[in-house]
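Trainee: Dropping a structure here in structure tokens format, bear with me for questions.
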Amino acid sequence: MSGFVKTLTFSRYTVLRRSFTCTTVSHMKQWRVSKGLSANRNAEGVLTDGPDYTFLDGRPTPLLQKQKKRMLKQQEFANQIVTLCSEVDFAKRRHQDMVQAKEQERQDIINNRLKPKGNALLQKK
């Protein structure tokens, strides 16, 4: 017999036991990702994203509950991205302003350090 079927013999009865091999879930996810598909087959696709029915007169169908939930989640992500980008821009501008202020302070110190004294001061005026 093949390697998947085992035969057990008892006193009067012969029992066949067949073992099945199952592909692990993690292996299936790796295969889907390697083929460019999403890891979760129910996360996206024509059946998931499309409407359950259509009106014959062309009216739009109402969104499904999961579609609304997914749309709100995407909007929340977009808002968070915009907020974080504005914070990064603010931090860049602030850092640039601080560097410029520090450089200006340094330049002011250099300009105030050397002043003409005595006759040189009177001749300049």
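The values are calculated or read from the model by the stated rules, or taken from the named source; none is laboratory data. Just so it is clear, the model here is predicted, and its values are computed rather than measured. Note that each Cβ is placed from the backbone with ideal geometry, even for glycine, and that neighbours are counted across all protein chains shown. These accessible areas exclude ligands, DNA and RNA; they are computed on the full protein's heavy atoms, side chains included. Shrake-Rupley method; radii C 1.70, N 1.55, O 1.52, S 1.80 Å.
Trainee: Pull out all pairs, ordered by first then second residue, where Cβ-Cβ is under 8 Å, the residues are six or more apart or on different chains, the first lies in the stretch 33-51 and is of a type outside the set (D, E, K, R), and the second is surrounded by 11 or more Cβ atoms within 10 Å (Cβ to Cβ) and not in a helix (DSSP H, G or I).
Mentor: If the second residue must be surrounded by 11 or more Cβ atoms within 10 Å (Cβ to Cβ) and not in a helix (DSSP H, G or I), the pairs left are 33/39; 38/44; 51/61; 51/64.
Trainee: Test residue 39 against the stated conditions and say whether it is touching a Lys or Arg at 6+ places or on another chain (Cβ under 6 Å), open to solvent by less than 80 Å² (accessible area, probe 1.4 Å) and either in a helix (DSSP H, G or I) or modelled with pLDDT under 80 (or both).
Mentor: Against the criterion (touching a Lys or Arg at 6+ places or on another chain (Cβ under 6 Å), open to solvent by less than 80 Å² (accessible area, probe 1.4 Å) and either in a helix (DSSP H, G or I) or modelled with pLDDT under 80 (or both)), residue 39 qualifies.
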